[in-house]
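The values are calculated or read from the model by the stated rules, or taken from the named source; none is laboratory data. Everything numeric here is computed off the predicted structure, so don't read it as measured data. Positions of Cβ are generated from backbone atoms using ideal geometry, with glycine treated the same way; all protein chains shown enter the neighbour counts. Heavy atoms of the whole protein, side chains included, go into the accessibility calculation; ligands, DNA and RNA do not. Shrake-Rupley method; radii C 1.70, N 1.55, O 1.52, S 1.80 Å.
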Amino acid sequence: MRKTRWLTALTAAAALTSLATPAQAADLRLSATSSVGLTCQIAGGRAGLQEGRFGGFIEGAYCTSNVQGESGRGAFGAGLTFDVFDAGLVSGYVLAGGGVQGNSTVLFAGVGARAGLDLVPVEGFVEAGVQRVNTVLQPIYGPRLTVGVTYRVNVGDLSRYAGPVPEAAGVAGGGAPVGAPEQCNLTPQEDAAAASAATVAAAREALSAVASSYSAGFSSFSYEVNVGSVSISGNSATVSGSVTISLTSRASGQRTTDTYPGTVNLVRSGCGWSATGYSRG
């Protein structure tokens, strides 16, 4: 009984924590890389930042010379990535960039795939493509392969660091926030209803994802999202409420039901709202 209730709590925590990392949230990615001996890179490191489908990174590596009697050299570069599909735990992307290898410049392009696990901020990736090393005599074309392990750290929504735009920021004449743009024609009640709807939509998306991810351990997953109070201050809002989750353990056959209170934070997005974070309790 105690173990089943703990697993129920873990499932709920996974669902609700995912509200804090919506699609527009940015991830700092720190990676250890190698080419496993198939191209010049022996070992390296990469630091990147991704928000939504777009990402960028810088990297450095020790590159073997593959020539007897000659030592290896350093290779440094930077690149951009764009996600082309997301199939849950696996996503695919294209990438392009450039850098230096020894005294030569390098251009590269390719495709990549990354895979991870729910609740674990670690993922593996593999990239394959081509590169052009521009030597002083002639360009050298060859394959480019990188495998690596990445640790992700969520750093929030990067748009909060952008310079304010008067209409989007809800500021008139340098005064206090004034709420939704005038063209939205929203009453306070309609604005609160929009915040509630955004909260429910975010919760349902997260809970549905968890139900699918943990189908091997649980069956007959059901949930109910209950919205309580809504508080709006300019372009920020908080919505308190609770989630009631019922599920059946495949191992024990026991069905449990628990309720988890919490608060969702939102920011204004045009005439609507977007969830940016969640706190339990």
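Find the residue count for the range 58-76, including only residues that are crowded, with 20+ Cβ neighbours inside 10 Å and either under 23 Å from the mean Cα position of the chain (by Cα) or touching a residue at least 60 places away in the same chain (Cβ under 8 Å) (or both).
1
If you go through the range 233-240 one residue at a time, do you hit one that is modelled with pLDDT of 85 or more and more than 29 Å from A26 (Cα to Cα)?
The answer is no; no qualifying residue exists.
Test of understanding: among A195, A128, A202, A180, which residue is at pLDDT 85 or above, touching a Leu at 6+ places or on another chain (Cβ under 6 Å) and crowded, with 16+ Cβ neighbours inside 10 Å?
Of the residues listed, the single one that is at pLDDT 85 or above, touching a Leu at 6+ places or on another chain (Cβ under 6 Å) and crowded, with 16+ Cβ neighbours inside 10 Å is A195.
Please go through the range 46-57 and pick out each residue that is crowded, with 17+ Cβ neighbours inside 10 Å and over 17 Å from G92 (Cβ atoms).
Selection gives R46, E51.
Could you check, for the range 15-27, whether at least one of its residues is out of contact with any Cys (no Cβ under 9 Å at 6 or more places or on another chain), buried (at least 17 other Cβ atoms within 10 Å of the Cβ), of a type in the set (V, I, T) and at pLDDT 85 or above?
For the range 15-27, residues out of contact with any Cys (no Cβ under 9 Å at 6 or more places or on another chain), buried (at least 17 other Cβ atoms within 10 Å of the Cβ), of a type in the set (V, I, T) and at pLDDT 85 or above: absent.
Any idea which of T81, T64 is of a type in the set (S, T, Y), at pLDDT 85 or above and in contact with a Gly (Cβ under 9 Å, 6 or more places away or on another chain)?
Answer to the check: T81.
The rows are residues; the columns are (1) open to solvent by less than 20 Å² (accessible area, probe 1.4 Å); (2) in a loop (DSSP other than H, G, I, E, B); (3) farther than 15 Å from A197 by Cα; (4) in the same structural domain as G52 (by the TED database).
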residue	(1), (2), (3), (4)
N226	no, no, no, no
I232	no, no, no, no
S242	no, no, no, no
T248	no, no, yes, no
S252	no, yes, yes, no
T256	yes, no, yes, no
A275	yes, no, no, no
